[in-house]
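Step one of this worksheet: look at the structure below.
The values are calculated or read from the model by the stated rules, or taken from the named source; none is laboratory data. Source: prediction; values computed, not measured. Heads up, the Cβs are rebuilt from the backbone with ideal geometry, glycines too, and the neighbour counts pull from every protein chain shown. Note: accessible area is taken over every heavy atom of the protein model, side chains too, but ligands, DNA and RNA are not part of it. Shrake-Rupley method; radii C 1.70, N 1.55, O 1.52, S 1.80 Å.
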Amino acid sequence: MAVAISREVRDGETVAVGTLAPVPAAGVLLAHLSHAPRARVFIFNHEDYWPFRQGSKEFYDYAQRGNFDLFFLSGGQIDRHGNLNLITIGDHDHPTLRFPGGAGSAMLYYMARRVIIFRMDHAPRIFVERVGTIASPGSSPPDVVRPGGPWKAITPLCVFRFDAATRTLVVESVHPGITADALQRRTGFPLDLPAPLPVTPPPTAAELSLLRGRVRESLAKAYPRFAEAVLAGR
Amino acid sequence: MPVPGHVGSDYERLRPDFRVIPDPYAAGKRVMVVPAIRPDVALVHAHLADTAGTLLLEEREDDALLAQASRVVIASAERIVPTDLIRRAPTGITLEGLHVTAVVEVPRGAHPTAVRGLYDIDERHLRAYMAAARDDATFKTYLDRYVFGPRAHDEYLDAVSRP
């Protein structure tokens, strides 16, 4: 996933990674240390990559001005239309499940030019036909200023791209070893799979070596336990 | 105040006070506006404070904004210090005492959360809190032990230091 994310980062762009996102942070660091050295990178709570000194307001204001080319969001539920649910499932006043809340996602999803949706688990209860509550809509009416929106969705199983014409997530590639059947079984909406099914190019030796070396060292400044547990290669 | 985005989300349904209006600055466009939040009371925890209520606040948080929005502001601080220590601090956000109603020295006052550079979150305590919050009976035990039981902050710190 980190390698797939890294390949979406373009040199010279302004890229930001928010809170609780160690895998996007690893992917962006990998890109910054390889093909995107001139990218301007922000990683929440990373001493080398978080220059905001006037509260989260400074960050949100910076985002509202449309400065981010690439940002990352997730959701408790994600649907085929790219809608994200970070609020509740069930009756809003008596929910069966309450998520942490949308925070800035309903602004960032509009104002960051390309948003990559990420989820560390891919299951039918997460990737659903229609989310219970829309915190951040995948698409919006034409009479609203929206320079940005969903671009890809990256999971442990596959890469979706957001199709602008149908305004839905469509499978772009499956990761090596994942079958069409397995992907459909673990997705809560019917997939229109291309045949033959493209396979995500696997990580190269150079990418893996960077991930386990300099990316791990840098990532540890924001996510010490994740860097140690996942990238130390023990 | 206007907020970008949000239009088309369920905030429109769940928050009738969030309105979508014609954007006065963009022809043919609509924009969401939301009312300002005016808390009656804000509690903020500062790294440093002086006796006039000048605060040195964490630069990653929005406490200065919160304090300015609120009618009454009660500030706790790790240390009450002479004003010049706050003026010379290399990092942090300074908030003038005119925004602060009362200030009190409470070392480790952010527990079980952190004050960056001074102490980390108390993960063991947070885990115990999460476990206790699962049902009313265990939560009542938690409240009795840590909230209603201790008569002062040092008794609280003593209670949380024991397993």
- Consider just the alpha-carbon atoms of chain B and return their Rg together with their Dmax, both in angstrom. 20.5, 63
- Note on the structure: Rounded to one decimal in nm, the spacing of the 7 Å Cα→Cβ label points at A:Arg65 and A:Arg161 is 3.2 nm
- Task: Beta carbons within 10 angstrom, averaged per residue: use that to sort the peptides B:105-115, A:26-36, highest first.
- Result: A:26-36, B:105-115
- Message: For the protein assembly as shown, what does the accessible surface come to per residue with a 1.4 Å probe? Please give it in Å².
- Response: 51 Å²
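If R₀ is 30 angstrom, what is the calculated FRET efficiency for the pair B:Arg71 and B:Glu105, using the beta carbon separation as r and rounding to 0.05? Working shown, then result.
Numbers: r = 23 Å, r/R0 = 0.78.
Approximately 0.80, to the nearest 0.05.
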- Note on the structure: Rounded to a whole number, the mean other protein chain Cβ count within 10 angstrom for residues of A:126-137 is 3
- Mind checking A:79-90 for the average number of partner chain beta-carbons within 10 Å of each residue's beta-carbon? 1
- Message: Per-residue Cβ counts within 10 Å, from other chains only, averaged over B:6-18: what number is that?
- Response: 6
- Mean projected area (nm²) from the convex hull of Cα positions in region A:1-158 is 9.7 nm²
- Note on the structure: Residues whose modelled amide H sits under 5 Å from the amide H of A:Asn83, counting only those 5 or more places away in sequence or on another chain, are A:Gly138
- Query: Karplus couplings for region B:99-105 from phi (6.51 cos²θ - 1.76 cosθ + 1.60, θ = phi - 60°), rounded to Hz, Gly and Pro as x?
  - Reply: 8, 10, 7, 8, 9, 9, 7
- Give the long-range amide H neighbours of A:Cys158: residues separated by 5 or more places, or on another chain, with amide H under 5 Å away, using H modelled in the peptide plane at 1.01 Å from N. A:His175
- Sulfur and carbon atoms: percent of accessible area, region A:1-44 [1.4 Å]: 53 percent
- Message: Let's see if you can work this out: charge +1 on each Lys and Arg Cβ, -1 on each Asp and Glu Cβ, no other charges. What is the dipole magnitude of the protein assembly as shown about its Cα centre, in debye to the nearest 20?
- Response: 820 debye
- Query: Near B:Pro22, within a Cβ-to-Cβ distance under 14 Å, what is the net charge of the other residues, with Lys and Arg +1 and Asp and Glu -1?
  - Reply: +1
- Only Lys, Arg, Asp and Glu count, each charged at its Cβ (+1, +1, -1, -1), so figure out the dipole size of region A:2-231 about its Cα centre, rounded to 20 debye. 220 debye
- Query: Can you give the translational diffusion coefficient of the protein assembly as shown in µm²/s, computed by Stokes-Einstein from the Kirkwood radius over Cα pairs at 20 °C and 1.002 mPa s?
  - Reply: 91 µm²/s
- Quote the FRET efficiency, to the nearest 0.05, computed for B:Val41 versus A:Val199 with a Förster distance R0 of 56 Å and r equal to the Cβ-Cβ distance. 0.45
- Task: Put one equal scatterer on each alpha carbon of region B:71-160, apply the Debye formula with no solvent term, and list log10 I(q)/I(0) at q = 0.11, 0.12, 0.19, 0.20 1/Å to two decimals.
- Result: -0.44, -0.52, -1.02, -1.07
- Query: Across region A:172-182, in residue order, what do the Karplus-derived ³J(HN,Hα) couplings come to in whole Hz, using 6.51 cos²θ - 1.76 cosθ + 1.60 with θ = phi - 60° and x for Gly and Pro?
  - Reply: 8, 7, 9, 6, x, x, 9, 8, 4, 4, 4
- Please turn the phi angles of region A:42-57 into ³J(HN,Hα) values with the Karplus equation 6.51 cos²θ - 1.76 cosθ + 1.60 (θ = phi - 60°), one per residue in order, whole Hz, x for glycine and proline. 10, 10, 3, 6, 9, 4, 8, 10, 9, x, 6, 10, 10, x, 5, 4
- Pull out the extension gain between B:Arg162 and B:Arg127, defined as 0.36 nm times the separation in residues minus the alpha carbon to alpha carbon distance; nm, one decimal. 11.2 nm
- Between the Cα axis of helix B:123-132 and the main Cα principal axis of chain B, the angle (0 to 90°, nearest 10) is 70 degrees
- Spin-label pair A:Phe52/A:Asp93, simplified geometry with 7 Å Cα→Cβ offset, distance in nm: 3.5 nm
- With a bin width of 10 angstrom, please list the P(r) values of region A:102-234 as percents of all Cα-Cα pairs, from the 0 bin to the one holding the largest distance. 11, 32, 33, 22, 2, 0
- log₁₀ of I(q)/I(0) at q = 0.28 Å⁻¹ - region B:41-105, Debye sum with one point per alpha carbon: -1.27
- FRET efficiency for B:Val147 and A:Arg185, using Cβ-Cβ distance with R0 set to 41 Å, rounded to 0.05: 0.30
- Item | Separation in nanometres of the label points that stand 7 Å from Cα toward Cβ, at B:Ala52 and A:Arg130 | 6.0 nm
- Let a ≥ b ≥ c be the square roots of the eigenvalues of the Cα gyration tensor of region A:107-150; is it rounded (a/c under 1.5), or, if not, prolate (a/b larger than b/c) or oblate? oblate
- Message: Sort A:148-158, A:187-197, A:6-16 by packing, meaning the average of other beta carbons within 10 Å per residue, with the highest value first.
- Response: A:148-158, A:6-16, A:187-197
- How many square angstrom of accessible surface are buried between A and B, both sides summed, with a 1.4 Å probe and rounding to 100? 2100 Å²
- Query: So what is the 222 nm mean residue ellipticity for chain B from helices alone, if each DSSP H run of at least 4 adds -39500 (n - 2.57) and you divide by all residues, rounding to the nearest 500 deg cm²/dmol?
  - Reply: -6500 deg cm²/dmol
